[in-house]
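Quick notes on the structure that follows.
The values are calculated or read from the model by the stated rules, or taken from the named source; none is laboratory data. These numbers were taken from a predicted model, which means no experiment stands behind them. Neighbour counts are summed over all protein chains in view; Cβ atoms, including those assigned to glycine, are modelled from backbone coordinates with ideal geometry.
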There are 2 protein chains.
Amino acid sequence: MLVVHVHVHVKPECVEAFREASLENARQSVQEPGIARFDVLQQRDHPTHFVLVEAYRTEADPARHKETAHYQHWRDAVAGMMAELRQSTQYVNCFPDDTGW
Amino acid sequence: MLVVHVHVHVKPECVEAFREASLENARQSVQEPGIARFDVLQQRDHPTHFVLVEAYRTEADPARHKETAHYQHWRDAVAGMMAELRQSTQYVNCFPDDTGW
């Protein structure tokens, strides 16, 4: 598993629009065979901060995700909503093991 | 849902011991009725950095978790392994909704 946390800081006036666009993207992303999870989290004490938690089954799956229409639609829709460049960090799963996702 | 990301930076010589202690804690934590997930992630490009992803069903469940023997054992076992104080951030789930965890 390759787990990616994408940290997003959006403009205050864009919080609802970002949330809606990201929900739509998440609903479709979890249908991809290479994606085990696609959580959208909003920080409690900073509601303009979100984390997308993307769990991919193989190394090739992030690139496949980026080829989908729903990803490209999301990317374009949220481009103007960012307060700063989004940042991503890659993790390996220690627990659960690959069968638990 | 209350999702907590606990960021941990461990001393280089403690990576394996921290990993083992955290796996044991995670295995027992996911048995708690108030815990939907308890992932242990290790950062790819900084293997001394871990994130514990703890998904609690209610506001009361983090406190219940801290009362368990396995949490207290983990807390004491890893106390000397930290390179710096661990930091936690609280999130609400936008996706999936509460039924999807």
Hand me the list of strands (runs of 3 or more DSSP E) wholly inside chain B holding 1 or more residues that are charged (D, E, K, R) and within 11 Å of the chain's Cα centre (by Cα). B:35-43, B:49-56
Return a yes/no flag: does the range A:66-73 have any residue that is buried (at least 18 other Cβ atoms within 10 Å of the Cβ) and under 26 Å from B:ASP98 (Cβ atoms). no
Limited to the range B:58-84, what total is found for residues that are without any contact (Cβ under 8 Å) to a residue 24 or more places away in the chain and of a type in the set (A, V, I, L, M, F, W, C)? 3
Quick check: anything in the range B:65-82 closer than 30 Å to A:ALA21 by Cα, touching a helix residue (DSSP H, G or I) at 6+ places or on another chain (Cβ under 6 Å) and not polar (S, T, N, Q)? no
Flagged pairs (Cβ under 6 angstrom, 6 or more apart or on separate chains; first in the range B:85-101, free of Cβ contacts under 8 Å to residues at least 24 places away in the same chain and within 12 Å of chain A (Cβ to nearest Cβ); second basic (Lys, Arg) and assigned to a strand (DSSP E or B)) are none
Residues B:PRO62, B:PRO12, B:PRO33, B:PRO47: which one is more than 8 Å from chain A (Cβ to nearest Cβ), in contact with a strand residue (DSSP E or B) (Cβ under 8 Å, 6 or more places away or on another chain) and modelled with pLDDT of 95 or more? B:PRO62
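For every residue, the table says whether it meets (1) among the basic types (Lys, Arg); (2) within 19 Å of B:PHE50 (Cβ to Cβ); (3) surrounded by 13 or more Cβ atoms within 10 Å (Cβ to Cβ).
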position	(1), (2), (3)
A:VAL4	no, yes, yes
A:VAL15	no, no, yes
A:ALA26	no, no, yes
A:ARG37	yes, yes, yes
